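Report on one structure; see the data block that follows.
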Amino acid sequence: MCGIFGFIDKSQQLSKNTLELMSQKLRHRGPDAQGTFINREKNVYLGHNRLSIIDLSANGNQPMSNENQNLWLVYNGEIYNYQEIRQYLMAKGHVFKSDSDTEVILHAYEEWGISCLEKFRGMFAFALWDNNAGKLILVRDRLGIKPLYYLDNNGVFAFASESKAFLTLKDNIWQPEINFDNLQFLLGFNFLPSNTETILQGIKKLAPGNYLILQNNQITIEPYWQLKKSRQLFNVKFADSLAEFERLLEESVRLRMRSDVPVGIMLSGGLDSSVIAALAQKNCPTKINTITASFNHKQDESHYAQLVAQHIGSNHHTLKIDTQDVSDDLEKYIGYFDDLSSFDGGLITNIILTQKIRELGVIVLLLGEGADEVLGGYSWYGLSKFPFNLLPNKIRNLLYYYSISRNLSFNPKFYWKKLNNLIKDFADQDDFDVICQLECLYQLPNHYLMKVDKGTMANATEARVPYLDHKFVEFAYNLPAKYKLRGSLYSFKKSNEKYILRQVAEKYLPPVICQRKKQGFLLPVSDVLKANLDKVHDYIFAADSLSRQLFPEKKLAKLFSKTMIKSSKPYLNAGEIEKELFLWKLWLLECWQKHYFSNH
């Protein structure tokens, strides 16, 4: 796991100094080594900040070249099946100078060209300069686990793992400016439902499962992977599906245990992470490290994690997080939100946790992210059991909208066009699959996975997500819906989400864990707001606030006069929670604007 960055400067406005400034912006992603490659003849500049995971020697440093030095690579991520690919390539005559997975990419490209992407199982974002062909290739993994941003303006094409690297560019190339349409989508959905756009004018994301080629000043973008529906598994018996499901998941966990540095399991005590922990312990000859967060809050679930740890026999660590930790350092944490992909407070939780986890000596973490999206783990998947064909399209799409937004901060009419553009791509699929596609292809890469990447990389910690191995995702996606979701036709509370995963869990975990409903690591937003109410008010009503540009002051004032954060009630109704979350988003927005724009 690392930070990559670079540019091709046809206008010859930039220099090595720019590359060094970009490196400083992303130093948190790779503190172990820094390197650059410059081809002044073709104005190519590549940079890399390394977090050493595989082959800790200097042989694994980047940028890395092949023997002829006509290929140069900067790479962020892990190719988990690199050992198998390496063995095949060595048998074909390729000679390796390191034991790193980075070098496997170079030799795989020599052997198969761009088709090498089909061979890789992992998470990755990389830039490869092919000097003989005079082209730069950018690649992002299939599910968007690793981020990759780029811009193309005024004779400069630049890329980076985080958009903040572009703050080092000259003003005539780029300067930060808000895209207010996208900002409104972000506020309404809690994430921006686009795989290519950001809330920053001129900054693009490379979509998951795509590669970009820059050659002769022309940009082409092509997909190399798509999540496709097949009826091949439709008539397979449940017992056979269950066996293959478990095999693929265990294989995914085993591959993700490969590391030359200590590995831990982030254990919430919920179903998803508990299964990962159990399979990891099964495949490890020594006690694994399991780690959980404990809040001074009524929603703390660390006792469930302790129960799992005792059951599987892991070496367990409970890390205490106090609300005051967030209140004291929010302005510092906000810098790691980067382009503000999400308002999820879980990103802050991840930052605080990984800081403490690094103190334990753990550098690689396995997480339970992705199971809900792939296996129907959220209660709104129950919408798919409703007879949608009896409803008008407009009502049907509104329910789909609910399934990915859950927070109507604005008039839904504003979102109809955006939502319909998303839905039309899946028009020929059944309702369960539509929701699954929306979750896996939009919510995951633009919300949850950005929370994971930026929250863990803030402290140079590598997060791995076994549920998002593409072979496992393809298999799980194509299982009949009844293998994933069972229960009442109309009651979300009585539905049995992730049914097939619960069947696996019964082999390894206590019954109370197998049947638990989802809770997750929750930042106690209400407590944080209560502790900072005066500060929040000052931010939102500042003369240069974005909130005042977006909303009438009377509406903003109501958030303070009627909001429940002044209340001492132990439980809040749905409307109160929505107001509270909206206030939280506005506060984060103002903190982000102040930090991001002041760093240009």
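Brief remarks follow.
Quick grid of which residues meet (1) touching a residue at least 60 places away in the same chain (Cβ under 8 Å); (2) within 29 Å of Lys204 (Cα to Cα); (3) not polar (S, T, N, Q):
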{"residue": "Ala280", "(1), (2), (3)": "yes, no, yes"}
{"residue": "Gln299", "(1), (2), (3)": "yes, no, no"}
{"residue": "Lys332", "(1), (2), (3)": "no, yes, yes"}
{"residue": "Asp338", "(1), (2), (3)": "yes, yes, yes"}
{"residue": "Ile351", "(1), (2), (3)": "yes, yes, yes"}
{"residue": "Arg358", "(1), (2), (3)": "yes, no, yes"}
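- Just one of the listed residues (Leu441, Leu522) is modelled with pLDDT under 95 and either surrounded by 19 or more Cβ atoms within 10 Å (Cβ to Cβ) or on the phi > 0 side of the Ramachandran plot (or both), and it is Leu441.
- One residue stands out among those in the stretch 461-499 that are closer than 16 Å to Val275 by Cβ and at pLDDT below 90: the one that is surrounded by the most Cβ atoms within 10 Å (Cβ to Cβ), which is Glu497.
- Of all residues in the stretch 502-556 being of a type in the set (S, T, N, Q) and part of a helix (DSSP H, G or I), the one that is farthest from the chain's Cα centre (by Cα): Gln549
- Test: residue in the stretch 90-104 that is touching a Leu at 6+ places or on another chain (Cβ under 8 Å), surrounded by 21 or more Cβ atoms within 10 Å (Cβ to Cβ) and not in a helix (DSSP H, G or I): no
So that you can scan it fast, the table gives a plain yes or no per residue for (1) exposed (fewer than 13 other Cβ atoms within 10 Å of the Cβ); (2) of a type in the set (Gly, Ala, Ser):
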| site | (1), (2) |
| --- | --- |
| Phe191 | no, no |
| Ser194 | no, yes |
| Ile203 | no, no |
| Pro223 | yes, no |
| Leu248 | no, no |
| Glu251 | no, no |
| Met257 | no, no |
| Ile265 | no, no |
| Gly269 | no, yes |
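- So Ser342, is it touching a Lys or Arg at 6+ places or on another chain (Cβ under 8 Å), small (Gly, Ala, Ser) and closer than 29 Å to Gly3 by Cβ: yes
- Lone unmet requirement of (1) in contact (Cβ under 8 Å) with a residue 40 or more places away in the chain; (2) surrounded by 14 or more Cβ atoms within 10 Å (Cβ to Cβ) for Phe234: (2)
- Residue within the stretch 7-19 that is within 26 Å of the chain's Cα centre (by Cα) and assigned to a strand (DSSP E or B) present: yes
- Identity of the residue in the stretch 318-333, of a type outside the set (Ser, Thr, Tyr) and in a strand (DSSP E or B), that ends up surrounded by the most Cβ atoms within 10 Å (Cβ to Cβ): Ile321
- Residue that is part of a strand (DSSP E or B), touching a helix residue (DSSP H, G or I) at 6+ places or on another chain (Cβ under 7 Å) and of a type in the set (A, V, I, L, M), where the choices are Leu73, Leu143, Leu138: Leu73
- For the stretch 216-227, the candidate set comprises residues that are within 28 Å of the chain's Cα centre (by Cα) and touching a residue at least 40 places away in the same chain (Cβ under 8 Å); within that set, the residue that is nearest to Gln437 (Cα to Cα) is Leu227.
- Some residue of the stretch 135-148 being small (Gly, Ala, Ser) and surrounded by 19 or more Cβ atoms within 10 Å (Cβ to Cβ): yes
- Criterion: at pLDDT below 65 and either under 25 Å from Ser163 (Cα atoms) or in the same structural domain as Glu78 (by TED's automatic domain parsing) (or both) - qualifying residue of Ser405, Ser379, Ser342, Ser384: Ser405
Each row is one residue, and each column tells you yes or no for (1) of a type in the set (A, V, I, L, M); (2) exposed (fewer than 15 other Cβ atoms within 10 Å of the Cβ); (3) closer than 23 Å to Asp527 by Cβ.
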| position | (1), (2), (3) |
| --- | --- |
| Lys287 | no, yes, no |
| Thr290 | no, no, no |
| Asp300 | no, no, yes |
| His303 | no, yes, yes |
| His316 | no, no, no |
| Gly335 | no, no, yes |
| Asp344 | no, no, yes |
| Leu347 | yes, no, yes |
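- Subset of the stretch 270-317 (residues that are among the small types (Gly, Ala, Ser) and in a helix (DSSP H, G or I)): Ser273, Ser274, Ala277, Ala278, Ala280, Ser302, Ala305, Ala309
- Search result, residues across the stretch 209-259 that are among the charged types (D, E, K, R) and farther than 30 Å from Ala278 by Cβ: Glu222, Lys228, Lys229, Arg231
- Odd one out for Glu177, checked against (1) closer than 16 Å to Asp339 by Cβ; (2) outside the structural domain of Glu78 (by TED's automatic domain parsing); (3) acidic (Asp, Glu): (2)
The values are calculated or read from the model by the stated rules, or taken from the named source; none is laboratory data. It should be emphasised that the depicted structure is a prediction, and the values quoted were computed from it without experimental measurement. All Cβ positions, even for glycine, are placed from backbone atoms using ideal geometry, and neighbour counts span all protein chains on display.
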